[in-house]
Amino acid sequence: MTSFLDAPPASVMDVLRGERATRPSANNTAAAGLRAMLEDAIYELLGPDLRDVPLTVRASSLRRDSIVSTNSAPLAQVRGILINQALRLLCAGVTVDDVCREASLAWCAEAGANDLTRYVDQLDDDETARLAADVEAHWVTLKRSLGPLSNRWLPRTSLRAYQRLAGGNVILRDVIDLMVGTTSSDVASVVLLDVTTSPLDEGAERVMRYHALVQTLRTSIVPLRTSMFSTATGELWSSDVNDETLARALGDVLDVLRGLAT
Amino acid sequence: MTTLTHRRLSQHVMNRLIAESPEEPAALTDDHRRSLSARFRAVTSVQHRRLDAWMVERAGRADGVFRWSPATARRVLGNAALRRSVFEPQLTRVDAVDVELTDQLLRHNAGYARPGSLAWYLASCSSAELGLVSAEATNWTTQLAEAAECLCDPWQVATSDAYYDVARARTTLRGRRDLVVTRDSRRVLVRVRMGAPGKSAGPGLRADLTIDALAEPNGLAAARVIGLWPEAGVVLSVDGTMADLRAGARDLVRTAVTRQRQHLHLAA
């Protein structure tokens, strides 16, 4: 049986931007309370003493895969980095013909020589071709799904965040692959997107919440939406950020800290 | 006594810091300039030295040779793009970054760029690298614009950093400034930095305050220098008091001494 859709499937950007008219007012009051709750809970967990080495929480700390992730393989890491670079080029309006080569050039310009770039340099022809084909496949999924990205939405890529808590005992680190919208508006308009090359799972939900929490702490303004897109499956998970999202993110962070502290 | 303050970044914090800045900042006189010049002259140097807040924060430790990269190019392009988008509001910030990038490339093609300049670096980049430079500059200009748009007082993007050549001391001081906010007759400087502030961020801000005052013909200090770290969501500030100006000058001289000792150690 052949069936026809009433409308073309929504692109990632369509979902992220949503209906302009239904956006809530910017919440710039929640951050102080969240920070206080987090500080109190960390104090109960770690006590008053300053640690020699701070506990660092990253988005990857929240995945907690029970099995060894396929992403821990260096080639998968490289693929993730290259797709992220390709996303940056796409957002900057660069026409990408050979995604693997151009993303590699951008990566080397950004990171310089490191263990991973040296690892890529010593790949043989077969492995290089396999990596290029893999990156190309993920790139095609990303390019087809992302949809048009207007410059007026203020796209920013690879935005870093760094939050010191409990007098420096705890550090929250985060990198958001793509952020659109502004924090200087009266309505909530900031949308966060994480692009991953692995399939989405329960850990992805925690990561989405973590992005929202760190962004709230960083700018003191609650983002409108947090999302995650998998270039492996073409799936997009997106959820509006509300008090419950942030409270759950806080719980997730404390769970990670409990694990790190023991 | 230091006037260093530390605040979490929020929409109102910047405005409050500007509104509460001292109404009568200190001013450096010719005697101050002569005294500083004498102190720098006492630190002998064969080569011309350039000092800035970053060196003060690093306690004069050598950082290696400067090289252009997307991360080092973003501030120049990002500030220029924001300045352009203020004067040409029809341009989006991304478009303004592209225009600035194209301007640099045209400068190189016209033969006006000297080796080692930003235009020279950009001309040597592939399209992918240029895309990354553009992405980094867009991040910078957007973060700077978001900070500026929340301000209630008139602001402008600084046309250049503050430079001061210390007389007969083979020393150039460079003070960073990104936004200049005007409130009544006083100036407040905003300096944006990526990453998170370290323990020596305060001395860095004081160095910028002192260099800015030295670069002013009448020696009048900015009422306040605000250091903004958007990635960490932190705002630090120092006031334009004589105590802070003196502390800034002392740190700069100390940095010159440390660097001189390093040179001597290397020579030995």
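The values are calculated or read from the model by the stated rules, or taken from the named source; none is laboratory data. Bear in mind that the values here come from a model prediction, so they are computed numbers and not experimental data. For neighbour counting, all protein chains shown are included, and Cβ atoms are generated from backbone atoms with ideal geometry for every residue, glycine included.
Taking the conditions exactly as written (at pLDDT 90 or above, under 27 Å from residue A:222 (Cα atoms) and within 12 Å of chain B (Cβ to nearest Cβ)), does residue A:35 satisfy them or not?
Details: at pLDDT 90 or above: yes; under 27 Å from residue A:222 (Cα atoms): yes; within 12 Å of chain B (Cβ to nearest Cβ): yes.
So residue A:35 fits the description; yes.
Considering only residues that are aliphatic (A, V, I, L, M), in a strand (DSSP E or B) and over 18 Å from residue B:161 (Cβ atoms), which ones fall in segment B:221-268? Give the derivation first.
Start the filter on segment B:221-268 by keeping residues that are aliphatic (A, V, I, L, M), which leaves B:221-223, B:225-226, B:228, B:232, B:234-236, B:238, B:242-243, B:245, B:247, B:249, B:252-253, B:256-257, B:264, B:266-268.
Restricting the remaining residues to those that are in a strand (DSSP E or B) gives B:225-226, B:228, B:234-236, B:238.
The answer is B:234, B:235, B:236.
Within segment A:139-158, can one find any residue that is in contact (Cβ under 8 Å) with a residue 60 or more places away in the chain, within 13 Å of chain B (Cβ to nearest Cβ), of a type outside the set (Val, Ile, Thr) and in contact with a Leu (Cβ under 7 Å, 6 or more places away or on another chain)?
Looking through segment A:139-158, at least one residue is in contact (Cβ under 8 Å) with a residue 60 or more places away in the chain, within 13 Å of chain B (Cβ to nearest Cβ), of a type outside the set (Val, Ile, Thr) and in contact with a Leu (Cβ under 7 Å, 6 or more places away or on another chain).
Is it true that some residue in segment A:47-59 is of a type outside the set (Phe, Trp, Tyr), without any contact (Cβ under 8 Å) to a residue 40 or more places away in the chain and within 14 Å of chain B (Cβ to nearest Cβ)? Steps first, answer last, please.
Going through segment A:47-59, the residues of a type outside the set (Phe, Trp, Tyr) turn out to be A:47-59.
Filter once more, keeping what is without any contact (Cβ under 8 Å) to a residue 40 or more places away in the chain: A:47-49, A:52-53.
Subset that is within 14 Å of chain B (Cβ to nearest Cβ): none.
No, that holds for no residue.
When both residues are 6+ apart or on different chains and their Cβ atoms are under 8 Å apart, which pairs have a first residue that lies in segment A:190-204 and is under 23 Å from residue A:149 (Cα atoms), and a second that is among the aromatic types (Phe, Trp, Tyr) and buried (at least 23 other Cβ atoms within 10 Å of the Cβ)?
From residues that are under 23 Å from residue A:149 (Cα atoms), the pairs are A:193/A:229; A:194/A:229; A:195/A:229; A:196/A:229.
All but one of (1) in a helix (DSSP H, G or I); (2) within 14 Å of chain B (Cβ to nearest Cβ) hold for residue A:162; state the number of the condition that does not hold.
That leaves (1) as the condition not met.
Return the residue satisfying two criteria in turn: it lies in segment A:82-108 and is under 16 Å from residue A:196 (Cα atoms) and in contact with a Phe, Trp or Tyr (Cβ under 6 Å, 6 or more places away or on another chain), and of such residues it is nearest to the other protein chains (Cβ to nearest Cβ).
Applying the filter and picking the extreme gives A:85.
Could you tell me which residue of segment A:187-238 is nearest to residue B:13 (Cα to Cα), considering only residues that are within 13 Å of chain B (Cβ to nearest Cβ) and outside any loop (DSSP other than H, G, I, E, B)?
Selected residue: A:219.
Residue-by-condition table, conditions (1) in contact with a strand residue (DSSP E or B) (Cβ under 6 Å, 6 or more places away or on another chain); (2) within 14 Å of chain A (Cβ to nearest Cβ):
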| residue | (1), (2) |
| --- | --- |
| B:103 | no, no |
| B:108 | no, no |
| B:115 | no, no |
| B:131 | no, yes |
| B:136 | no, yes |
| B:152 | no, yes |
| B:163 | yes, no |
| B:175 | yes, no |
| B:183 | no, no |
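Give me a count of the residues in segment A:128-138 that are away from chain B (no Cβ under 14 Å) and buried (at least 21 other Cβ atoms within 10 Å of the Cβ). Spell out the reasoning first.
First, the residues of segment A:128-138 that are away from chain B (no Cβ under 14 Å): A:128-134, A:136-138.
If we keep only those that are buried (at least 21 other Cβ atoms within 10 Å of the Cβ) too, we end up with A:138.
Of the residues in segment A:128-138, 1 are away from chain B (no Cβ under 14 Å) and buried (at least 21 other Cβ atoms within 10 Å of the Cβ).
With respect to the numbered conditions (1) among the β-branched types (Val, Ile, Thr); (2) surrounded by fewer than 19 Cβ atoms within 10 Å (Cβ to Cβ); (3) at pLDDT below 95, which one is the sole condition not fulfilled by residue B:99?
The one condition residue B:99 does not meet is (3).
Of all residues being of a type in the set (A, V, I, L, M), within 23 Å of residue B:119 (Cβ to Cβ) and surrounded by fewer than 20 Cβ atoms within 10 Å (Cβ to Cβ) in segment B:26-75, which is farthest from the other protein chains (Cβ to nearest Cβ)? Just the residue, please. Steps first, please.
Our first condition is that a residue be of a type in the set (A, V, I, L, M); within segment B:26-75, this holds for B:26-28, B:36, B:38, B:42-43, B:46, B:51, B:53, B:55-56, B:59, B:62, B:65, B:71, B:73.
Then drop every residue that is not within 23 Å of residue B:119 (Cβ to Cβ), which leaves B:65, B:71, B:73.
When the remaining residues are screened for being surrounded by fewer than 20 Cβ atoms within 10 Å (Cβ to Cβ), the result is B:65, B:71.
Working: B:65: 13, B:71: 7 Å.
Among residues in segment B:26-75 that are of a type in the set (A, V, I, L, M), within 23 Å of residue B:119 (Cβ to Cβ) and surrounded by fewer than 20 Cβ atoms within 10 Å (Cβ to Cβ), the one farthest from the other protein chains (Cβ to nearest Cβ) is B:65.
If you scan segment B:177-198, which residues turn out to be in a loop (DSSP other than H, G, I, E, B), modelled with pLDDT under 95 and in contact with a helix residue (DSSP H, G or I) (Cβ under 9 Å, 6 or more places away or on another chain)? Quick ask: steps written out before the conclusion?
So in segment B:177-198, the residues in a loop (DSSP other than H, G, I, E, B) come out as B:177-178, B:184-185, B:193-198.
Among the residues that remain, those that are also modelled with pLDDT under 95 are: B:184-185, B:193-198.
Listed by number, the residues that qualify are B:193, B:194, B:197, B:198.
Are any residues in segment A:118-138 acidic (Asp, Glu) and without any contact (Cβ under 8 Å) to a residue 12 or more places away in the chain, and if so, which ones? Break it down into steps so the answer makes sense when it comes.
Step one: filter segment A:118-138 for residues acidic (Asp, Glu), giving A:121, A:124-127, A:134, A:136.
Selection gives A:121, A:124, A:125, A:126.
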